[in-house]
Amino acid sequence: MKSGRSGPAQDQEIRLASVLDDLDLPDPFKIEELLARVSKKRGRPIHLHTFPAITGDELPCGAWLATDKADHILVEDATSPLHRDHIVLHEVSHMLLGHTPRQTLGRAFHHLAPDLVTGVLGRTSYETEEERSAETLAGLIATRAAQRGNGDRTTPSTLRRLNAALSDS
Ligand SMILES: [Zn+2]
């Protein structure tokens with residue numbers, strides 16, 4: 001018998017929960033360690049880069065860039081460590097959800113060899129379905145990481161703040 005309550009929203013919730021369950025979260029949580037584990041699972045390196053903030057354009061404050069050999073996460077230099085982790089979790093969520101990087105390369109990325117770049121997903125808004133699900137998953141990861149962090153005396157408050165920042169956005 002089919003439930004009348006199932007639909008796209010419920011499917012999405014189930015999918016996010018399943019991705020979260022498959023995730024081997026570091027305990028205590030460290031964003032670099034999470035990247036290492038996701039990288040191992042994907043069988044390709046993930047590199048974290050910072051780039052200078054440029055004013056005037058509607059530029060993403062974070063991006064996921066995929067080449068033939070590796071994934072690159074780019075974050076703005078000027079952001080706080082907390083904001084940086086938020087962006088990184090968001091971009092990792094795109095990878096975990098199997099989203100496709102898009103060609104929205106701005107001039108901030110010109111220092112990377114353009115011929116190596118097969119796609120980039122800019123984080124400019126949450127308008128699209130993919131943006132919303134990536135942001136939701138980033139929040140779920142932060143929440144679970146905070147729950148796991150109980151054994152560590154310094155991590156939980158950091159993660160609570162991260163989680164609060166994620167809830168605000
Ligand atoms: Zn995004």
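Bear in mind these aren't lab numbers, they're just calculated from the coordinates by the rules spelled out. Quantities reported herein were computed from a predicted structural model and do not represent experimental measurements. Note that we place each Cβ from the backbone using ideal geometry, even for glycine, and neighbour counts take in every protein chain shown.
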Estimated inter-spin distance, T128 and D68, nm [label 7 Å along Cα→Cβ] = 2.5
remark   = Spelling it out for H49: with amide H atoms placed in the peptide plane at 1.01 Å from N, the residues 5 or more places away or on another chain with amide H under 5 Å from its amide H are I73, L74, V75
